[in-house]
Structures are given as C-alpha cells and as structure tokens.
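Trainee: So that we are looking at the same thing, I have put the structure below in structure tokens.
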Amino acid sequence: MNTESSSIIDTQQIDIVNPLKRRTTFIKFKPNGRTYSRVYYLVLSEDSIHYRGSKSKSKTEACMIKDIDQIRSGFTTNVWKKCLTKRKITDEQNHLAFSILYNNNRKSLDLLAESEDIRSQWIQGLEYLVNRYRSHMRTHQEISDQWIWHLFSQADSDHSGQLDRSEVRHLLYTLNIQLDDDEINQYFNQANIRARNIYELRHLDKDEFLIFYKYVSQRPELLKIICHSVEEMSATLSEYTVIHKLPNLIHRSRHSQSLSFRKRKNPKTKTRSLSFRRRRSPSITPEHPTTSNTIERKNYLTIEQLKDFLQKEECIRALSIEDCSRLIARFEPSVEGRQCEEMGVDGLRILLLHEEFCLMNADKSNRIYHDMTRPFTDYFIATSHNTYLQNNQVFGDCTPETYVHALRTGCRAVELDCYDGENMEPLVYHGNTITVPVSFKDILLAIETVAFTASPYPLFLNIENHCSYQQQAVMARLLKHIFKDRLLTEPLVENFKTLPSPEQLKHKVLIRSRCHSKGKTMADPKSDRSNDETEPNPKEYHPEFAALVVYSQIVSFTNITHTLSTQKCYHTISFKETKANDLIAVESPHHLDFITLTQDHLVRVYPGTLRQNSSNLHPLFYWTYGVQMVALNYQANDESMCLQYGFFSDNGGCGYLLKPPCLLANDRSFDPKEKFYEKGKRLQIHLISGQHLPKENNSIEDPDISDPYVIVYTYGVECDYTEHRTPSIRNNGLNPIWDYKITADIYCPELCLVIFQIRDHDRFGRSTFLGQACIPFNALQLGYRHVKLKARNGDFIHGTIFLHVQIDDF
C-alpha cells in the first residue's frame, strides 16, 4: 500500500471514529420503562464507551469494544419491545433508536438519539471499531506503537508528557510483570537516550518509553531460533531487532526438531543444569567485546535461510524463493531488512503470529473441505440445549438473543419448548419452572435474521411441542410465514430410502419434532432414563404442523434392536445423558450397538434434569460413539463449551463435521474403550514461552501480577485422556519462559482434541483461569507455532503461547 492511499484510509478512520469522542447525549431505556439522560463518549484509547450521569460527575464505563457482539438499529431488543408494550415510546421514534448488544448478546444498551444523523454516526463508528478489534484479534497483529503510547498516556499521571520511575513501576503492573529496582533502573537508563539534563535523566518521553517497552517485552527465544538456523552469532542485534544479551547457545543436531532453551553447563560447577528461565541481564547489550570463547552469529535470516527454516522446521514443503521474498516484504518491519531481503527477530515474530502460521491450521478453520454430500446422519452437528435460556434452568428471562448468539457461533440445531399463550400466541419457556416466557414468533424472527450467517448448511429446530391442537396450527403458519421457501415442507424426492446430504439441504430450515397420531404410547417423561423429549400425555397433532416434520421425526425408544429393525431412516431418537450412558455401559461388545444405531439414525443426547445450574455433559464421550447431536447449554462458559468450540472450529466452522471412517464402517474394528493402534500418533510439545498473558478476569487494573503455568489436556477415546503441567513462572505474565516438554500417545487422532489452559498459580489458594485454546489434533501444524488464547466465552484475548510441535507414528 502506498503512502497516499494509507493516508486516505487514516483520514477516513478519523472521520468515522472522532464523532464518538465528542460527548453526545442519549436517552437510555431500561426494561421497566424508566429512562435516563446520559452523556456517552468513546475514550481516547478507543477501547470502551463511557458515560456521565445527569447528577453525578463521576465517569462510568458502559461497555468495552471487545465485548460488543452487535449494533442494531430500531426497536429490535426485548427492552424496546417491553417499552413499546408499556407505551413508554412510540413507533414513530424507531428511526432514532439503536442498541449495543454485549456479553454474548445477553445484555443490551438501548439508546435513543436526538437525530437520525447522530444515530447513524454512532452505529457506523461502533461497527468500525468492533470490526477493527475482531480483525486485530483474528490476525493477531503486533501490538502497535499507538497502543503503547496509550499506555504511556495512562501512566502519565501528572500529564507532563514524560514518565518518572514511579510511574514506570506502576505501568509495569499494568503490563503484568514485576521487576526489582535494579532491573528497572538498568532498563530505564538504557532507554534514556536523549538525556540532556538531570530532569530528562530521571524521565522517559514517548519515544524512550517505546524503547523501554521493547526491552521489557523482548523475545530471546526467537533470536535463539535465528542464531541456530544460521549457525552464527553477533554480539549485538541490528537496528531492526530487539536488543538482548542472550545466554550461550547449545549446539543441536540437525535431526532434532526443537531447540533446547537451557543454559550450558559450567564445567567448574556440579553437573546439575538449570532450565533457561528469563533472567534479565544487568546489561542489555554486551559490556565486553566478544572473546575467543564466543561464537559470532548473525541475528537475521537471509532469504535462503528463511526458506530452509520454513521447509525443515515449519514443514512447509511447496515453497519457493519468490514465496519467501513476498513473506519478507509482507512481514519484515525494517526498511533495511526488506531491501536486503532478510528477516530479523521482529519480522519472524510478526510472521509467526499471523493466523496462517499459528498452531491451528487456518486452511481447516477458514475453509469447508469435508465431503458434504453424504446423508446428514454421517455428520456431527453443533447442537444447543434449551437455547432460549440465558442463565440456569429454573428462573430468569427467556430471550431470542441467545439464539442469535448460538447461531453466530456456528450452532446448527437449536431448541424451542413451546406452550400455549394468551390470544392464540404460542410461548417458549422451560416448563414447570419460573422462567419468564418469550413469544414463539419473536424467536423465529430472531432466528431468521442470522440463520445462515455463519453457515449455509441446514438448520434444525428441535421443537418440544406442548401446545394445544389449535395453537399448533398457529406455530405452523408462523414457521411458513417467517421462513418462507427456506422452510422444508416436503421431501426432496418421493419414497426416499436414504436421507439427503447437508449439501442438498443448503439454506433450509428443518423441523425436528414428534408428529405421531393420537393414542400412540410414548416414553415416561418422569423417568430419568427415558428419552423424555415428549409431551406429558398422548395427544393429537395438527396436520399443518405434522406435515412440517419431514426428515427428523422423533420416536420413542424401546431398544436398539427394535429401532434398527422397525424404524425408518427419518426416525430420530433423543436420549437423556443417563440413558445414553446405560447403552454405553453394557457388556462388551454390545456397547458397539450404540455406534450402529448412530450410523442409521439421527441421535440427540442432552443434559439430564439434575443439571439445574445449566452445567454440561462431556460431549466427546458421546461423539466417540457417533452421536450426531450432543446438545449443550451454550450459556455455560465451561470446559464442555471449550471442547465444542474447538471441535467445530474445523471444516470452516460451518457446524457440520464428517464422522471419521472408524465410526462409519460396518466391520466394528473400532472400539472407543480399547486402544486403536492402526493410526496411533506420538505428540511431542515443547512449551517455550508466553506473551501478554492476561490477569484474572482479563482486568488490567488487578494489582496482582500473574504467576502463570500451562496445563495441556488431550481428550478423545478413553485411552487418549492425558494431562500435563508446566512449572509456574513467578511475577511474569508479560513474557514468561517455561521451556517444558511433554509427550502424549494418541490412539485415535481423528477424535482427539488438545486443550491449552493458562492458569495463575496461587500459593495460598486455588489457581485462577487466565485463558485457553482448544484445537483438533488433526488441525495441529508442526514446528514453531503460536497458540491464540481465548476467554471462557470463546472470545479471543491478546495472550499467546509459543511452542514447538512434533508428531510421529508409533
């Protein structure tokens, strides 16, 4: 991009964002109809919206940009609808209203502007900020100088334009690292390059602080990789790399797959060697000239050495010199490096942080590559349980926003529990609880807006029908009216013997429900071991509604033999987790009948009734038996949802995954309870370092400095469950080095997930969660990689882990 076009884009960005920094008065609406006049504005750091109350002079944070899910115009949220019902607002004001939805669409900030132009400015500005943040997190761009200068401005408490040592010390707590006074003084003095008097000697300006920051956040492990690759070493780094005095390097055989980050043993000491931990040298640059005992090594990769590194270490086979030239032009930040076609530490860091070079194979996460032409029973399908709930199973509001959130994250099967409402308007809520109902129509309207935003493949509506005969007809007409030709109302072909494929059902909405005639016997819904997605008593089904149940008609379950011999391909079964557990727990080899059942019929397993707190079952346990729909409470930010997001991040995140051959074959050679040696893999992970790890709850204001450690879990078939933990690093969440290696034997790679979890060690209590990532085993990339960390709710955070991966057959 040339300078002229770049300046035009910068000007456009200023024009979009700056109006939000001006203090603008909006009327805030609450669900009870109360209104408040508030002055809202975007803070200078451009990362949050604040407001001032009409009576209080204190500033309050309204929401963070990173937490915003959607910005909507008009009366679209529950708050607006309640206010309309209470006549606190009129339809004529629709053009002035907009809503900011955040916290996974669970909360909304509902505002009324003074004019349509002001509303448009804010919607445009907020959408730009949200898209910029998501783009930044997706590509994990290097932290910009602008962000560093924002930290500088925050730390500059006296607004002098300079930082003294006490202000720098406070800023280091924000950066999640603690240094002693000697270390701070040394870095401070090294960065103080323009001191002309005593005052300047004791302060850092913005440019000097940038140097200070680079000292503190240096990446010696990357320099070590470069030095090993070129097998030379220089005493100092070039102008376009981070300055650091590196411990002596250890020679490594070219056949090894990862470097050792341990210090060389001193022959005059005992044979015990210390693991290389980041100990900041009293001198950042070497104080003495190199001696005969020090090997001079280059601190950059030539274009040929970059090609060699990417082919041998990163296992990128099809790579030309021209490709490497383009990579240098794209990622090397220094003019000198680009001109000489060389890549230094900064360039290598930015390259390895890019999505294409991270641990999760970007081609598998961004592209639909599975065969999508098989019957849909051959696929795992991302499925939600009681989607209308936003908290626990007993009380709280039911809301359409939970459907929006689930569908935007790739869910392809949502649930609606439907009951009669007043004035012939069906409602959705959790029966026999005090949950607040929501209109069936409002849910359908919300689903329609985002049904195929994240995926083009079919969307299942699991309808638990408790409605009367008359209101079933209302439901059918609403479904037809809202979804129109997207609603599947008849089979694609007559007299079908097999089910259609996701490809054939693209952009179609399918109803999954019961439609048997009155008088048929059903399972006992009060039994904890029945398939209780049933109505409490036999009832008559309205033909308009029954006609919509085409390819997924729920039937009662007697036993597997009966189902396989008597039921049609379009018959589907729902199991509570306890009933599914009973089928899996039977004596071997009869538990394999459950796999046979999932080969012929669509099976849904959902949490039992005892999970009133909306906790989740463990989905992999059922995926290993081929269960297509393992229903989870999407509102629960727990380990099961971490596995769900990781599992369905494959195949372009479309919500459909083709089952592995071992679950589709008829020879029964695969048993989830036994070791499967035919495709066994040995996974070796070298956990090297972390970067910009968050504090507890991702709060930069927390005064406690993290003592981070990593836990690596592998999940899959029973024999593939493993757990490994690194030691913790004291008072360093900015750039800890663990230098820790683990090995795990994986017997069924196709069904294996790897979780990386960062926790903060507490010597006096329970460790706290900082971040995590879940990646399918078959999507792991080899070599030196970064892992992008996420919060519990699945949103990306700034932190990363740097590691090396090697996978071998065994």
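Trainee: Being modelled with pLDDT of 90 or more and not in a loop (DSSP other than H, G, I, E, B) is the filter here; which residues of the range 669-690 pass it?
Mentor: LYS681, ARG682, LEU683, GLN684, ILE685, HIS686, LEU687, ILE688, SER689, GLY690
Trainee: In this structure, is TYR645 buried (at least 22 other Cβ atoms within 10 Å of the Cβ) and of a type in the set (Ser, Thr, Tyr)?
Mentor: Working: buried (at least 22 other Cβ atoms within 10 Å of the Cβ): no; of a type in the set (Ser, Thr, Tyr): yes.
Against the criterion (buried (at least 22 other Cβ atoms within 10 Å of the Cβ) and of a type in the set (Ser, Thr, Tyr)), TYR645 does not qualify.
Trainee: Give the residue, chosen from ILE758, ILE737, that is surrounded by 17 or more Cβ atoms within 10 Å (Cβ to Cβ), in contact with an Asp or Glu (Cβ under 7 Å, 6 or more places away or on another chain) and touching a residue at least 40 places away in the same chain (Cβ under 8 Å). Reasoning before the result, please.
Mentor: On the way: ILE758 fails: in contact with an Asp or Glu (Cβ under 7 Å, 6 or more places away or on another chain).
Going through ILE758, ILE737 in turn, just one is surrounded by 17 or more Cβ atoms within 10 Å (Cβ to Cβ), in contact with an Asp or Glu (Cβ under 7 Å, 6 or more places away or on another chain) and touching a residue at least 40 places away in the same chain (Cβ under 8 Å): ILE737.
Trainee: Which one of these does SER135 not meet: (1) under 21 Å from LEU789 (Cβ atoms); (2) surrounded by fewer than 18 Cβ atoms within 10 Å (Cβ to Cβ); (3) modelled with pLDDT of 85 or more?
Mentor: With (1) under 21 Å from LEU789 (Cβ atoms); (2) surrounded by fewer than 18 Cβ atoms within 10 Å (Cβ to Cβ); (3) modelled with pLDDT of 85 or more applied to SER135, the lone miss is (3).
Trainee: For the structure I just gave you, tell me whether GLN154 is of a type outside the set (Ser, Thr, Tyr) and at pLDDT 75 or above. Step through it out loud before you land on a result.
Mentor: On the way: of a type outside the set (Ser, Thr, Tyr): yes; at pLDDT 75 or above: yes.
The answer is yes for GLN154.
Trainee: Write out, first by first residue and then by second, each pair whose Cβ atoms fall under 7 Å of each other, whose residues are 6+ apart or on separate chains, and whose first residue, in the range 460-476, is outside the structural domain of THR387 (by TED's automatic domain parsing) while the second is among the acidic types (Asp, Glu) and part of a loop (DSSP other than H, G, I, E, B).
Mentor: Every condition considered, no pair remains.
Trainee: Hey, another quick one. Select from the range 718-729 the residues that are more than 17 Å from GLN691 (Cα to Cα) and either surrounded by fewer than 22 Cβ atoms within 10 Å (Cβ to Cβ) or at pLDDT below 95 (or both) and list them in ascending order.
Mentor: GLU718, CYS719, TYR721, THR722, GLU723, HIS724, ARG725
Trainee: Among the numbered conditions (1) buried (at least 21 other Cβ atoms within 10 Å of the Cβ); (2) in contact with a strand residue (DSSP E or B) (Cβ under 7 Å, 6 or more places away or on another chain); (3) closer than 23 Å to SER501 by Cβ; (4) not basic (Lys, Arg), tell me where ILE685 comes up short.
Mentor: Of everything listed in (1) buried (at least 21 other Cβ atoms within 10 Å of the Cβ); (2) in contact with a strand residue (DSSP E or B) (Cβ under 7 Å, 6 or more places away or on another chain); (3) closer than 23 Å to SER501 by Cβ; (4) not basic (Lys, Arg), ILE685 misses just condition (3).
Trainee: Could you say which residue among GLU313, GLU332, GLU304 is in contact (Cβ under 8 Å) with a residue 60 or more places away in the chain and out of contact with any helix residue (DSSP H, G or I) (no Cβ under 7 Å at 6 or more places or on another chain)? Quick ask: steps written out before the conclusion?
Mentor: Details: GLU332 fails: out of contact with any helix residue (DSSP H, G or I) (no Cβ under 7 Å at 6 or more places or on another chain); GLU304 fails: in contact (Cβ under 8 Å) with a residue 60 or more places away in the chain.
It is GLU313.
Trainee: Let me ask something else. Of the residues LEU597, LEU620, which is outside any loop (DSSP other than H, G, I, E, B), surrounded by 19 or more Cβ atoms within 10 Å (Cβ to Cβ) and either acidic (Asp, Glu) or in contact (Cβ under 8 Å) with a residue 40 or more places away in the chain (or both)? Explain how you work it out, then say what you get.
Mentor: Values: LEU597 fails: either acidic (Asp, Glu) or in contact (Cβ under 8 Å) with a residue 40 or more places away in the chain (or both).
Answer to the check: LEU620.
Trainee: State all residues of the range 778-787 that are touching an Asp or Glu at 6+ places or on another chain (Cβ under 8 Å) and under 18 Å from TYR645 (Cα atoms); if no residue qualifies, say none.
Mentor: ASN778, ALA779
Trainee: Just to be sure I understand, how many residues within the range 425-455 are out of contact with any strand residue (DSSP E or B) (no Cβ under 8 Å at 6 or more places or on another chain) and free of Cβ contacts under 8 Å to residues at least 60 places away in the same chain?
Mentor: So in the range 425-455, the residues out of contact with any strand residue (DSSP E or B) (no Cβ under 8 Å at 6 or more places or on another chain) come out as 432, 441-442, 444-446, 448-450, 453-454.
Within this subset, residues satisfying the condition of being free of Cβ contacts under 8 Å to residues at least 60 places away in the same chain are 432, 441, 444-446, 448-450, 453.
So the answer is 9.
Trainee: So which residues in the range 480-497 are basic (Lys, Arg), loosely packed, with under 14 Cβ neighbours inside 10 Å and at pLDDT 95 or above, if there are any at all?
Mentor: First pass over the range 480-497, keeping only residues basic (Lys, Arg): 480, 484, 486, 497.
Now drop any that are not loosely packed, with under 14 Cβ neighbours inside 10 Å, which leaves 484, 497.
Matches in the range 480-497: LYS484 only.
Trainee: Can you confirm whether the range 5-18 contains a residue that is at pLDDT below 80, loosely packed, with under 15 Cβ neighbours inside 10 Å, in a loop (DSSP other than H, G, I, E, B) and of a type in the set (S, T, N, Q)?
Mentor: No, because not a single residue in the range 5-18 is at pLDDT below 80, loosely packed, with under 15 Cβ neighbours inside 10 Å, in a loop (DSSP other than H, G, I, E, B) and of a type in the set (S, T, N, Q).
Trainee: A follow-up question, please. So which residues in the range 372-391 are surrounded by fewer than 19 Cβ atoms within 10 Å (Cβ to Cβ) and either under 25 Å from the mean Cα position of the chain (by Cα) or free of Cβ contacts under 8 Å to residues at least 60 places away in the same chain (or both)?
Mentor: Keep residues of the range 372-391 that are surrounded by fewer than 19 Cβ atoms within 10 Å (Cβ to Cβ), which gives 373-375, 391.
Selection gives ASN391 alone.
Trainee: Let me ask something additional. Looking at the structure I just gave you, is CYS642 at pLDDT below 95, over 22 Å from ARG512 (Cβ atoms) and part of a helix (DSSP H, G or I)?
Mentor: On the way: at pLDDT below 95: no; over 22 Å from ARG512 (Cβ atoms): yes; part of a helix (DSSP H, G or I): yes.
For CYS642, the condition - at pLDDT below 95, over 22 Å from ARG512 (Cβ atoms) and part of a helix (DSSP H, G or I) - is not met.
Trainee: To continue, here is another question. Can you tell me which residue among LEU663, LEU753, LEU687 is within 23 Å of the chain's Cα centre (by Cα) and over 30 Å from LYS214 (Cα atoms)?
Mentor: After applying the criteria, what remains is LEU753.
Trainee: Then there's this: Could you grab me the full set of residues in the range 75-85 that are free of Cβ contacts under 8 Å to residues at least 60 places away in the same chain and closer than 20 Å to THR453 by Cα? First the steps, then the outcome.
Mentor: Initially, the range 75-85 is screened for residues free of Cβ contacts under 8 Å to residues at least 60 places away in the same chain, giving 75-76, 79-80, 82-85.
Scanning the range 75-85 gives a single hit, THR76.
Trainee: What's the number of the only condition in (1) at pLDDT below 95; (2) surrounded by 21 or more Cβ atoms within 10 Å (Cβ to Cβ); (3) touching an Asp or Glu at 6+ places or on another chain (Cβ under 7 Å) that LEU693 fails to meet?
Mentor: Every listed condition holds for LEU693 apart from (3).
Trainee: Pull out all pairs, ordered by first then second residue, where Cβ-Cβ is under 7 Å, the residues are six or more apart or on different chains, the first lies in the range 541-553 and is within 13 Å of GLU490 (Cβ to Cβ), and the second is modelled with pLDDT under 95.
Mentor: Filtered contacts from the range 541-553: ALA546/CYS515; VAL549/CYS515.
Trainee: Moving to a separate point now. Just to be sure I understand, how many residues within the range 554-582 are surrounded by 19 or more Cβ atoms within 10 Å (Cβ to Cβ), assigned to a strand (DSSP E or B), touching a His at 6+ places or on another chain (Cβ under 7 Å) and without any contact (Cβ under 8 Å) to a residue 60 or more places away in the chain?
Mentor: Matching residues across the range 554-582 total 1.
Trainee: If we only count strands (runs of 3 or more DSSP E) wholly inside the range 350-424, which ones have 3 or more residues that are at pLDDT 95 or above? Talk me through it step by step, then tell me what you get.
Mentor: Details: elements: 379-381, 395-397, 413-419.
Where strands (runs of 3 or more DSSP E) fall fully within the range 350-424 and carry at least 3 residues being at pLDDT 95 or above, they are 379-381, 413-419.
Trainee: Which ones in the range 600-615 are modelled with pLDDT of 95 or more and either within 25 Å of the chain's Cα centre (by Cα) or part of a loop (DSSP other than H, G, I, E, B) (or both)?
Mentor: HIS601, ARG604, VAL605, TYR606
Trainee: Another one. I'm trying to understand the selection: among the residues of the range 696-716, which are modelled with pLDDT under 95 and of a type in the set (A, V, I, L, M, F, W, C)?
Mentor: Residues satisfying the conditions are ILE700, ILE705.
The values are calculated or read from the model by the stated rules, or taken from the named source; none is laboratory data. Source: prediction; values computed, not measured. Note that we place each Cβ from the backbone using ideal geometry, even for glycine, and neighbour counts take in every protein chain shown.
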